[in-house]
Amino acid sequence: MTRAGPKDSSSTETISHTELKLSGVWRVVVLNDPVNLMSYVMMVFKKIFGFSETVARRHMLEVHEQGRSVVWSGLREKAEAYVYTLQQWHLTAVVESDETH
Amino acid sequence: MKRIEVKLSLPVVAPLLDVIRQLADGLGQKLAAPQDLGDIDQEFRDAWVGDLLEGQNKDVKALLALFDDEFFAEGIVAFDEENAEPIVRACAAVRLRLREVYLKGLDDDALEGGEVELEQMSEAVRKAFMCYLFLATVQELIIQHLDSSIIES
């Protein structure tokens, strides 16, 4: 992976902040269901988001114990793409506006 | 290519296939997990659901293809890097339908913990519960042996 220099990084950051300000921040939330196996949910998180075993387990347990877990946040279009992919794996997932931004 | 073969007990599994096939038929027109698509417009919603249904149907076909002539002759099913992903997803879809159609009388904790009284179930519910456990076992087998190929694909 190539790391961008200071100038590029600052410019990317400005664009990214402007984009987020215009469209808001959106969260991908996975909701609990009593059917899907814990190991399955962890595998799906690792595949879709590239989570490590530890992070995947933390989110899975959050879903299991608290009923929901925010697994990603950012631009709406990308959030919707993640929700679509999670739904392909039969997890219950929704996009929510993040009011804190 | 990594491949695992599993020998199943024909007398145990064969009777479950009717239930799996019946539910698989129902999945042709309906998503296994109903989704709240929020405020997206109707055209986008239709395309979204249509694409999910198409993928779901392909996955279910891959699951049903496991139970071919070799299975009925030898009791053997094979998982490899090509069919693992669709089959593990199809198992999730059919299990969700089993829950909705046959197992809705069981509370969530009992279902999650597997603590159910088989003797108190009707024949249809017992058979559905056996399917539910069988498909979970298939998922566990795939995740245990082929999860790295799924995650990296």
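Data for the structure
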read-out: Other protein chain Cβ atoms within 10 Å, averaged over every residue that makes up A:27-37; value: 5
read-out: At 0.890 mPa s and 25 °C, Stokes diffusion of the stretch B:105-153 via Kirkwood alpha-carbon radius, µm² per second; value: 197
read-out: Distant-in-sequence amide H partners of B:Gln35 (H built 1.01 Å from N, under 5 Å); value: none
read-out: For the stretch B:60-130: Kirkwood Rh in Å [reciprocal of mean 1/r, alpha carbons]; value: 13.9
read-out: Mean Cα-pair separation over length for chain B, i.e. relative contact order, pairs under 8 Å, 6 or more apart, %; value: 34
read-out: Intensity falloff of the protein assembly as shown expressed as log10 I(q)/I(0), Debye formula with alpha-carbon point scatterers, at q = 0.13, 0.16 Å⁻¹; value: -0.89, -1.26
read-out: Phi to ³J(HN,Hα) by Karplus 6.51 cos²θ - 1.76 cosθ + 1.60 over the stretch A:27-43, Hz, x for Gly, Pro; value: 10, 9, 10, 9, 9, 6, 9, x, 9, 5, 5, 4, 5, 5, 4, 4, 4
read-out: Accessible-area order (highest first, 1.4 angstrom probe) of the listed residues B:Leu8, B:Leu146; value: B:Leu8, B:Leu146
read-out: Options A:Val63, B:Gln120, B:Gly75, ranked by Cα towards positive dipole end of the protein assembly as shown, top entry (Cβ charges); value: A:Val63
read-out: FRET efficiency estimate (nearest 0.05) - Cβ-Cβ, A:Arg57 to B:Gln22, R0 41 angstrom; value: 0.70
read-out: Karplus 3J(HN,Hα) series, Hz, for the stretch B:113-121 with 6.51 cos²θ - 1.76 cosθ + 1.60 (x for Gly, Pro); value: x, x, 8, 10, 8, 4, 5, 8, 8
read-out: Dmax and Rg, reported as Rg then Dmax, of the stretch B:1-143 (C-alpha, Å); value: 16.3, 51
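The values are calculated or read from the model by the stated rules, or taken from the named source; none is laboratory data. Bear in mind that the values here come from a model prediction, so they are computed numbers and not experimental data. Please note: Cβ atoms are built from the backbone with ideal geometry, for glycine as well, and neighbour counts cover all protein chains shown. Heavy atoms of the whole protein, side chains included, go into the accessibility calculation; ligands, DNA and RNA do not. Shrake-Rupley method; radii C 1.70, N 1.55, O 1.52, S 1.80 Å.
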